[in-house]
Structures are given as C-alpha cells and as structure tokens.
Amino acid sequence: MKITIILLLYIVSLTYCQQNDEILGFMYVFAQEWPGSICKFVNCTKTYMGNYDNARWNTHGLWPNTMLETTCGMIFNCKDEEYDEDKLTIATKTLIDVTWNGMYADTFTFRKHEWEKHGTCHPDNLTQNGYMSRVGNLNNQYNYYKILASAGIYPDDNRQLTDSEVRAAFTKVLGISTAMTYTCQKDPTTGKFYIAELRTCFTQAMKPRTCDCSKPISAFVTCGKTFYYPTFLLSVNEQIEYEEIPDLSNSFLE
C-alpha cells in the first residue's frame with residue numbers, strides 16, 4: 001500500500017513538472033516555408049535561393065515565446081544589437097546558405113530582420129553566430145521534407161492531402177500530434193489551398209510540446225479540408241552537398 005502511494009505521488013510530481021515546463025518556461029516555434037507554395041504566388045529568384053538544395057523546406061525563423069499567454073506570448077526586439085554577418089563563421093554561413101534564404105526578397109535583409117526581432121530574445125543569450133548555427137542545424141535535424149517523405153508524402157501537383165496524413169508523419173518524429181501546426185496560401189482563382197508554412201514547437205529544453213501558435217501570418221490562411229504540396233525544383237547544377245556543423249551555441253554565450 002505504501003509503495004503504491006509513493007508511486008502515485010511520484011507520477012503526480014512528474015506530471016506537474018512537465019506541465020510547469022510547458023506553462024511557465026519558454027516555448028520555441030521553429031517555422032519553415034515550402035518554396036513550391038510560396039513561389040507560386042511571388043516571384044522567387046535564383047539569387048535569393050542561395051544554395052538551396054531541393055531537399056528541404058526553407059527556414060523562416062526560430063521564435064522564442066513566453067508561456068504567459070495562450071496565443072504564444074511572442075517576445076521580440078529584446079536587446080539592441082544589429083545583425084552583422086561578419087560575426088558568423090564560414091561554417092555557419094555555408095550552413096544557412098543552404099537552409100535559410102530570402103527566396104523572393106533580399107536574403108541579408110530577411111536574416112537581419114529575424115535576428116533583430118527574434119534572435120535578440122533568445123533566453124540562452126546566444127551570440128549571432130550561436131543563434132544562426134542553431135537555427136541552421138535545426139533545419140537539418142527537423143527536415144520537414146524528409147519527415148513527410150518518410151510517410152510517402154512527396155511534392156505532387158495533383159495529390160490532395162489531408163490534415164491526418166500530414167499530422168501522422170510528424171507525430172512519428174515529435175511523439176505528439178499537437179507539436180506542429182501549419183497554414184496555407186489560397187489561390188484566389190481556383191480556390192485551391194497550398195501548404196506554405198509549417199511550425200514545430202519545443203520547450204526551452206528543446207523537447208516537443210503542444211503548439212499554441214496557430215494564427216496565420218501575412219498572406220497565409222488556415223488550410224481547407226484538402227490541400228496541395230506542389231513541386232519545386234532547381235536545376236541539378238545548382239544543388240550542393242552539405243555537412244551538418246556542430247551546434248556551437250554554448251560556446252558563444254555573451
């Protein structure tokens with residue numbers, strides 16, 4: 001009897017700690033965009049695609065969020081530090097030139113915006129190099145293209161997808177079905193929905209957790225009952241091989 005009571009108290013305590021980790025700490029939202037959808041509606045250029053390798057989604061950003069509000073509690077512009085790519089190592093630049101590009105707008109300006117708005121709020125107080133390398137490595141670790149492909153979901157201009165298909169693919173990797181959310185772009189002429197941005201959510205300890213950030217941004221809208229994952233290809237001679245670099249975040253604390 002005593003052992004049973006102790007075990008129950010342990011389970012309650014463990015559950016409480018897990019809930020506190022989600023409610024009282026920070027949440028990270030890692031957002032990636034699918035070029036095949038984005039570039040159907042804006043004029044993407046080779047110049048702004050960098051060394052994109054046809055085998056991933058493009059990074060939008062890693063956004064620290066407080067857990068003081070149920071709608072993300074996004075924090076931004078926490079410290080005054082301008083973005084300076086001269087502070088990045090060659091390895092980091094090589095990595096993000098594959099994983100994080102402007103697609104249809106100036107890449108430097110895009111990264112500058114993401115660093116100054118979101119990177120400056122990272123609770124681990126990362127340097128610019130630490131933050132950018134962490135985001136680049138996350139794109140390799142959580143490669144949305146590969147996650148979907150592992151479930152037999154590949155870019156296809158004709159295949160209609162459902163929420164359950166996409167969510168099941170990510171549940172296998174993240175462990176919980178609510179640790180991801182996504183939005184679409186809608187073609188005003190045909191009424192078709194194209195999956196455009198997908199977000200995965202993590203605790204401050206980088207463990208998958210429920211996403212509270214489901215509100216679409218900018219041109220994105222909630223997807224319909226069915227939607228498309230359109231093709232997007234660069235020519236073979238534009239593809240490059242890449243190597244994942246060490247996450248040096250802890251070595252660059254300010």
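How much area per residue is accessible in segment 39-180 when the probe is 1.4 Å and only protein heavy atoms are counted (Å²)?
With the other protein chains kept in place, segment 39-180 gives 43 Å² per residue.
Within straight cross-link reach of Lys87, meaning Cα distance under 23 Å, which lysines are found once same-chain residues fewer than 8 apart are removed?
Reachable lysines: Lys79, Lys112, Lys117.
May I ask which residue of Leu148, Ser164, Asn137 lies farthest towards the positive end of the charge dipole of segment 135-211, with charges of +1 (Lys, Arg) and -1 (Asp, Glu) on Cβ and the Cα centre as origin?
Asn137
Starting from the Cα-Cα distance between Ser177 and His113, subtract it from 0.36 nm times their residue separation and give me the gain in nm to one decimal.
Taking 0.36 nm per residue and subtracting the Cα distance, the gain is 20.0 nm.
Students sometimes get this wrong: rank Glu82, Glu116 by accessible area, probe 1.4 Å, all chains present, largest first.
Per-residue accessible area, sorted high to low, gives Glu82, Glu116.
Can you give the local net charge around Glu82? Use residues other than it whose beta-carbon is closer than 14 angstrom to its beta-carbon, Lys and Arg +1, Asp and Glu -1.
Result for the neighbourhood of Glu82: -2.
Straight distance only, please: which lysines reach the Cα of Lys192 with their own Cα at less than 30 Å, same-chain residues fewer than 8 apart left out?
Lys40, Lys46, Lys146, Lys172, Lys215, Lys225
At what distance in nm do the modelled label points of Ile90 and Ala205 sit from each other, each positioned 7 Å from its Cα along Cα→Cβ?
For the pair Ile90/Ala205, the computed spacing is 3.9 nm.
Could you please state how large a percent of the accessible area of segment 45-137 is carbon and sulfur, counting protein chains only and using a 1.4 Å probe?
Carbon and sulfur: 52 percent of the exposed surface of segment 45-137.
Between the alpha-carbon centers of segment 151-204 and segment 109-138, tell me the distance in whole angstrom.
25 Å
Within a Cβ distance under 13 Å of Thr231, other residues only, what is the Lys/Arg minus Asp/Glu net charge?
0
Which ³J(HN,Hα) values, rounded to whole Hz and listed in residue order, are derived for segment 108-122 from phi using the Karplus coefficients 6.51, -1.76 and 1.60 in 6.51 cos²θ - 1.76 cosθ + 1.60 with θ = phi - 60°, glycine and proline given as x?
Each residue's phi maps through the Karplus curve to give 4, 4, 5, 5, 4, 4, 5, 5, 5, 8, 10, x, 5, 9, 4 Hz.
The values are calculated or read from the model by the stated rules, or taken from the named source; none is laboratory data. Just so it is clear, the model here is predicted, and its values are computed rather than measured. As a convention, Cβ positions derive from the backbone with ideal geometry for all residues, glycine included, and neighbour counts pool all protein chains shown. Ligands, DNA and RNA are excluded from the accessible area calculation, which covers all protein heavy atoms including side chains. Shrake-Rupley method; radii C 1.70, N 1.55, O 1.52, S 1.80 Å.
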